[in-house]
């Protein structure tokens, strides 16, 4: 895994995911985010969850050179799925969480927990925000 920082798109896999979203037709981008949350690897799940959180009240826009540049549909309906995907990374052993734990730096986990908490606190159907 090529990783340069703790952000959702600060690794090769997530940056590639952002590129795939940009290359996809506008009408399938939402499906790609759902697919990443359902069956993607840990890096893709975190990146996809960050995109969903950006559409929720209190969510921060994904503003990185490695995230998608093209507009995304309203992803707020994927809030519960995104929260569940993150639960699997921080509440149960996963390869990604174990790699970060071995680094001795808890910043990555803290960021994922913040994302999960935001997704859990946002009411379903909350007002959408632009990514």
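Determine which member of the set 78, 72 is outside any helix (DSSP H, G or I) and without any contact (Cβ under 8 Å) to a residue 60 or more places away in the chain.
Checking each option against the conditions leaves just 72.
Looking at 34, 79, which is the one that is over 21 Å from residue 5 (Cβ atoms), surrounded by fewer than 23 Cβ atoms within 10 Å (Cβ to Cβ), modelled with pLDDT of 95 or more and within 12 Å of the chain's Cα centre (by Cα)?
One residue alone meets the criteria, 34.
Write out, first by first residue and then by second, each pair whose Cβ atoms fall under 6 Å of each other, whose residues are 6+ apart or on separate chains, and whose first residue, in segment 16-28, is under 15 Å from residue 64 (Cα atoms) while the second is assigned to a helix (DSSP H, G or I) and at pLDDT 95 or above.
Pairs found: 17/44; 17/47; 21/29; 21/32.
Taking the options 57, 61, 93, name whichever one is closer than 17 Å to residue 114 by Cβ and over 12 Å from the mean Cα position of the chain (by Cα).
On inspection, the qualifying residue turns out to be 57.
Are any residues in segment 84-131 at pLDDT 85 or above, closer than 18 Å to residue 55 by Cβ, surrounded by 15 or more Cβ atoms within 10 Å (Cβ to Cβ) and in contact with a helix residue (DSSP H, G or I) (Cβ under 7 Å, 6 or more places away or on another chain), and if so, which ones?
Once the filter is applied, which keeps residues that are at pLDDT 85 or above, closer than 18 Å to residue 55 by Cβ, surrounded by 15 or more Cβ atoms within 10 Å (Cβ to Cβ) and in contact with a helix residue (DSSP H, G or I) (Cβ under 7 Å, 6 or more places away or on another chain), segment 84-131 yields 85, 86, 112, 115, 116, 118, 119.
Failed condition for residue 87, given (1) without any contact (Cβ under 8 Å) to a residue 60 or more places away in the chain; (2) closer than 20 Å to residue 110 by Cβ; (3) more than 11 Å from the chain's Cα centre (by Cα); (4) not in a helix (DSSP H, G or I), with all others met?
The number of the failed condition is (4).
The values are calculated or read from the model by the stated rules, or taken from the named source; none is laboratory data. Quantities reported herein were computed from a predicted structural model and do not represent experimental measurements. For neighbour counting, all protein chains shown are included, and Cβ atoms are generated from backbone atoms with ideal geometry for every residue, glycine included.
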